[in-house]
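Heads up: the structure comes next, in structure tokens.
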């Protein structure tokens, strides 16, 4: 089974994906780790790399190509990135979108990156706008369109273990037979 986990920065994607992969005995591949490694290789911050990607589409296209290749080549995998649900295409068996209000996401990012909440909020807002514009331009993707996801979960009121347990319970109860012959919009969908 190939599971994708997507969502905005600070929604808990990385923590949830790693925890779910461990709980299921799956591998975990993080688009965020790949993107941060690309930024480190260039000695820039992720926000600076995002800005560079506005002028150089090869940055996004390289990352997205790697995600598509990973989805096509691997099974028993939790693939996590903002566009994982879209990039995995027909290879994805179950697509998850995690969300949380901007203020909560900014607090999480500030703690993780040791910066002020105000700075994290502004950087997160700028990064999201930049990415949304590029996704629309490159692929015609509206990142706000959630109908491709089988599960949409607000993580703001759950601790990391609670998020993983909720995801695990839904994934383990998922029956692919219920979706045979249906598009993701017509298939089984859970929202919490």
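Any read-out appearing in this document is the output of simple, stated calculations on the displayed coordinates, not a laboratory observation. Quantities reported herein were computed from a predicted structural model and do not represent experimental measurements.
All Cα-Cα distances of segment 1-81, cut into 10 Å bins from zero to the largest, leave 18, 46, 29, 6 percent in each bin in turn. Normalising the average separation of contacting C-alpha pairs (under 8 angstrom, six or more residues apart) by the number of residues puts the relative contact order of the chain at 30 percent. Helix 31-41 and the longest principal axis of the Cα set of the chain meet at an angle near 20°. In degrees from 0 to 90, rounded to the nearest 10, what is the angle of the helix 117-139 Cα long axis to the longest principal axis of the chain? Helix 117-139 sits at roughly 70 degrees to that axis. When only alpha carbons are used to place a centre, segment 41-119 and segment 149-174 end up 19 Å from one another.
Against the compact-protein benchmark of 2.2 N^0.38 Å, the Cα-based radius of gyration of the chain scales to 0.99. Mean-square fluctuations from a GNM of the chain, with a 10 angstrom spring cutoff on Cα atoms, peak among 165, 73, 118 at 73.
Against the main long axis of the alpha-carbon atoms of the chain, helix 160-173 sits at an angle near 30°.
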